[in-house]
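*Asks:* Shown below is the structure under consideration.
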Amino acid sequence: MIYVRPYKMGSESARKLAQALSVKRIRGDKTFIRPATVINWGGALPIRGRVSYINHPSAVNVARNKLNTFIKLTQAGVFTPPFTTDERVARQWVEQDSVVYGRKYLESSEGRGIVILTQDSVWDRCP
């Protein structure tokens, strides 16, 4: 059997995915005795039992942190926008008239914590 495991049961996108595939959604605390394939839609913890994953929880744990994602993508040879954790480098980019975005929260979503940095900005700590 195939199941969709959302990061939260109220996830609209996970519900639509399960509907499109005609499969059930499951909670993260389920235990499988029989082999199952789980499409992991953002769950960070493994499910107990005989499970094979599409999108393993370990991948979710990397992807949820924006800096770790950029580092892994770069290591794998995937193009990313230039990024830095060094404020001096970011300030140089601003001085060169580049648009520089800072991220105050590495594990947020929906754009929370994104700031546009300028020479006149109050430079909040952006890891």
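The values are calculated or read from the model by the stated rules, or taken from the named source; none is laboratory data. Only a predicted model underlies this, so the values are computations on that prediction, with no experimental measurement involved. As a convention, Cβ positions derive from the backbone with ideal geometry for all residues, glycine included, and neighbour counts pool all protein chains shown.
*Asks:* Testing THR69 on (1) modelled with pLDDT under 90; (2) within 17 Å of the chain's Cα centre (by Cα), one condition comes back false. Which one is that?
*Replies:* With respect to (1) modelled with pLDDT under 90; (2) within 17 Å of the chain's Cα centre (by Cα), THR69 is out only on (1).
*Asks:* Within region 73-121, track down each residue that is at pLDDT 95 or above and within 15 Å of the chain's Cα centre (by Cα).
*Replies:* LEU73, THR80
*Asks:* Also, I was wondering about something else. Please find, within region 72-97, the residue that is surrounded by the fewest Cβ atoms within 10 Å (Cβ to Cβ) out of those that are within 19 Å of TRP123 (Cα to Cα) and of a type in the set (Phe, Trp, Tyr).
*Replies:* Per the stated criteria, the residue is TRP93.
*Asks:* Working carefully through the options ALA90, ALA59, ALA20, find the one that is of a type in the set (A, V, I, L, M, F, W, C), free of Cβ contacts under 8 Å to residues at least 40 places away in the same chain and under 30 Å from THR118 (Cα atoms).
*Replies:* On the way: ALA59 fails: under 30 Å from THR118 (Cα atoms); ALA20 fails: under 30 Å from THR118 (Cα atoms).
Going through ALA90, ALA59, ALA20 in turn, the sole match is ALA90.
*Asks:* Among the residues of region 1-35, how many are of a type in the set (D, E, K, R) and buried (at least 16 other Cβ atoms within 10 Å of the Cβ)?
*Replies:* Here is the first cut: in region 1-35, the residues of a type in the set (D, E, K, R) are 5, 8, 12, 15-16, 24-25, 27, 29-30, 34.
Remaining after also requiring buried (at least 16 other Cβ atoms within 10 Å of the Cβ): 5, 25.
Total satisfying the criteria: 2.
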